[in-house]
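The values are calculated or read from the model by the stated rules, or taken from the named source; none is laboratory data. Just so we're clear, the structure is a prediction, and the values are computed from it rather than from any experiment. A quick note on method: Cβ atoms are made from the backbone with ideal geometry, for glycine too, and the neighbour counts reach across all protein chains shown. Heads up: the accessible areas ignore ligands, DNA and RNA and are worked out on the full protein's heavy atoms, side chains in. Shrake-Rupley method; radii C 1.70, N 1.55, O 1.52, S 1.80 Å.
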Amino acid sequence: MHAVVTFTMNDQKQAFQGQNRIRIAISLFFFSHGLILSSWASRIPVIKTNLGISDAELGTLLLLMPVGQVSTMPLSARLINHFGSKNAIKYSFLLYPLILVIIGTATSYIQLAIALYFFGVVGNLSNIAVNTQGVELENILKKPMISSFHGTWSISGFIGALIGLLLLNLNQTPLIHFSVIFLLVVSIWIFNINFLLHVIPVKSVRKDRRSIFRYLDKTLIRLGLIGFLSMAIEGAMFDWSGVYFQDIVKAPEQLIILGYTSFVLMMATGRFLGDWLITKMGRKRLIQLCGILMSTGLIISVFYPTVVLCTIAFMVIGLGSSCSVPTVYGVAGKHKAISAGNSLTLISTIAFLGFLMGPPMIGFISDLFDLRYSYLCLSVFGIVMIFMAGRMDILDKEKAPIE
């Protein structure tokens, strides 16, 4: 059965006459999501040191975020399908920064573990809801734009890192830092929540209580795996780039953030070019290029761990990480048989699982061997992406509808 979406006359007028304001609002919620996550990532080395956590223990902690994500995935789908992505954003984007503040209050391993579990739960709901908004607007206007939304998310990662660096140099605690982020996100929420699209599938969730996993087909699984592999690398760069520059590159303290910053800047640049690149290269070639760039950058960083070469390598990885996930989301959101909420719940959860599982995997491998071996293992992910994309004909279609 095809998913049917209804709009009121006001919704249609808002979508077509006020599209710029809607697009700004959606972009700002993408920005907020990235700001919250990057703020946590920028403080991981400090929190790790303050609580005396080893690499393996940190890996275990970071694993609790994907556990929270997967354990509530069906619930997230039902909430978005029943109440709509706008209402999901309305509540999740107040809870998400609040849990960030709670993380800042953690004084023990157990407290931090509990907070990170719920951070993963609410972060997943926020991620699915805001991506659903982006795909809904893209489908209404019938032009690529999801990549630029993800570009805004990437910029927020850079700004989050700068805020973290500033407050760190001012000797402010993670609690003060996270409280500032909370106030910023709430301000964005106040001025933009009413401009989001209000879209709810006609098919009521109450009439269909079967598992969301019934929607999984080979195409969705493959798209999800491509997203998983790409976001595993992205997550590793977010959470471990500072540690890599500190422990492997031996960069001066003031340059530790250089690797993370260079990665995020180039990822944002690539995403703002992504919609244009899709029209020029096609989805398949673009994803394959992303895999080549990520693998190349990771290999350079492993064998040439100097400040200059690693900075260049992280820039290459950033370019490679830029377009694969937005491209996958855009294809999944055009599924003909199910709603954008369901398809994106499946795809984004599988993909974001990679983002959250990549960092703990790095921690475990690093604890057993060395952090460089972890990055070398990740380089294989990019190579696998190249071959997977090459076998997916759906990526060649202009509008990429999934039957």
(message) I'd like the FRET efficiency for Val308 and Phe83, computed as 1/(1 + (r/R0)^6) with the beta carbon distance as r and R0 of 41 Å, rounded to 0.05.
(response) 0.25
(message) As I understand it, the value is the acute angle between the Cα axis of helix 85-105 and the longest principal axis of the Cα atoms of the chain; what does it come to in degrees, rounded to 10?
(response) 20
(message) Helix 174-192 against the longest principal axis of the chain: what's the angle in degrees, Cα atoms only, rounded to the nearest 10?
(response) 20
(request) Would you kindly calculate the translational diffusion coefficient of the chain, applying Stokes-Einstein with the Kirkwood radius from alpha carbon pairs, for 4 °C and a viscosity of 1.567 mPa s, and quote it in µm² s⁻¹ without decimals? (result) 62
(message) Please list, in order, the residues from segment 242-274 whose amide nitrogen is less than 16 Å from a point placed 7 Å along the Cα→Cβ vector of Thr49.
(response) 242-258
(request) Give me the number: length gained by fully extending Thr107 to Val186, i.e. 0.36 nm times residue separation minus the C-alpha to C-alpha distance, one decimal in nm. (result) 25.9 nm
(message) So for the chain, averaging the separation of alpha carbon pairs under 8 Å that are six or more residues apart and normalising by length, what relative contact order in percent results?
(response) 27
(request) Compute the acute angle (0 to 90°) between the alpha-carbon long axis of helix 258-281 and the principal axis of greatest extent of the alpha-carbon atoms of the chain; round to the nearest 10°. (result) 30
(message) Tell me the Kirkwood radius of segment 79-144: reciprocal of the mean inverse pair distance over distinct alpha-carbon atoms, in Å.
(response) 13.0
(message) Counting only helical runs of four or more DSSP H residues, what would the 222 nm mean residue ellipticity of the chain come to if each run contributes -39,500 (n - 2.57) and the total is spread over all its residues?
(response) -26500 deg cm²/dmol
(message) If DNA, RNA and ligands are ignored and the probe is 1.4 Å, what is the ranking of His82, His177 by accessible area, most exposed first?
(response) His82, His177
(request) Give me the orientation-averaged projected area of the Cα convex hull of segment 10-105, in nm², one decimal. (result) 7.7
(message) Checking the table Lys48/Lys90; Lys86/Lys143; Lys86/Lys284; Lys142/Lys284; Lys86/Lys334 against a 25 Å threshold on Cα-Cα, which pairs fail?
(response) Lys48/Lys90; Lys86/Lys284
(message) When the expected Rg is taken as 2.2 N^0.38 Å, what fraction or multiple of it is the alpha-carbon Rg of segment 38-197?
(response) 1.09
(request) Using only the Cα atoms, work out Rg/Rh for segment 215-298, with Rh taken as the Kirkwood radius, to two decimals. (result) 1.06
